[in-house]
Amino acid sequence: VQLQASGGGVVQPGGSLRPSCTASAQSFSMGWFRQPPGGERKFVAAIRWNDDRSYYADAVKGRFTISKDDAKNAVYLQMDRLRLEDTAVYFCSAGHSFYSPNDVFGQGTLVTVSS
């Protein structure tokens with residue numbers, strides 16, 4: 001599976017962004033991870049392809065929403081009420097684990113939250 005992410009950018013605190021990811025094929029689960037400057041890559045959200053069940057890290061629960069478009073093999077991450085600490089490179093991912101689909105990663109897209 002090859003993954004292509006886009007849609008990062010610069011936004012003020014409280015703002016919104018919606019990065020997207022297109023996959024060359026469907027996977028059991030797809031998701032997003034993020035890596036802040038100088039930090040480790042961590043799980044953000046995942047969605048199971050066959051039933052749309054989603055799962056979120058506590059840090060983003062209630063602010064971020066993951067969704068997919070079956071026809072386009074695409075996954076989206078609607079990010080609302082962004083905070084300074086959400087600044088990171090966001091990586092699209094795919095895999096066999098619903099709670100951490102980390103078999104394959106795409107290139108990252110940078111999200112900067114700054115006032």
Indicate, rounded to the nearest 5 percent, the antiparallel portion of the DSSP beta bridges found entirely in the chain.
90 percent
Sparse-neighbour loop sites [chymotrypsin sites (Phe, Trp or Tyr not before Pro); the stretch 17-115; at most 12 other C-beta within 10 Å; DSSP]
99
For the stretch 1-29 and the stretch 60-82, write down the distance between their C-alpha centroids in whole Å.
8 Å
Could you run the Karplus curve 6.51 cos²θ - 1.76 cosθ + 1.60 with θ = phi - 60° over the stretch 81-94 and give me ³J(HN,Hα) per residue in whole Hz, x for Gly and Pro?
6, 5, 10, 4, 6, 7, 4, 5, 8, 9, 10, 6, 9, 8
Taking the simple approach of a point 7 Å from Cα along Cα-to-Cβ for both residue 112 and residue 24, what is their distance in nm?
3.1 nm
Quick check: pseudo-label points 7 Å beyond the Cα along Cα→Cβ at residue 85 and residue 103, how many nm apart are they?
3.3 nm
May I ask you to give the percent of accessible area on the chain that is carbon plus sulfur, with a probe radius of 1.4 Å?
47 percent
Phi-based couplings in Hz for the stretch 30-43 (Karplus 6.51, -1.76, 1.60; Gly and Pro marked x):
10, x, 9, 10, 9, 10, x, x, x, x, 8, 6, 9, 5
Once phi is turned into ³J(HN,Hα) by the Karplus curve 6.51 cos²θ - 1.76 cosθ + 1.60 with θ = phi - 60°, what whole-Hz value does each residue of the stretch 54-68 show in order, with x for glycine and proline?
10, 8, 10, 5, 4, 5, 10, 4, x, 10, 10, 9, 9, 8, 9
Averaged per residue, what accessible surface does the chain expose to a 1.4 Å probe, in Å²?
50 Å²
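The values are calculated or read from the model by the stated rules, or taken from the named source; none is laboratory data. The structure displayed is predicted, hence computed values, not measured ones. Note: ideal-geometry Cβ built from the backbone for every residue, glycine included; neighbour counts use all protein chains shown. Just so you know, the surface numbers come from the protein's heavy atoms only, side chains and all, with ligands and any DNA or RNA stripped out. Shrake-Rupley method; radii C 1.70, N 1.55, O 1.52, S 1.80 Å.
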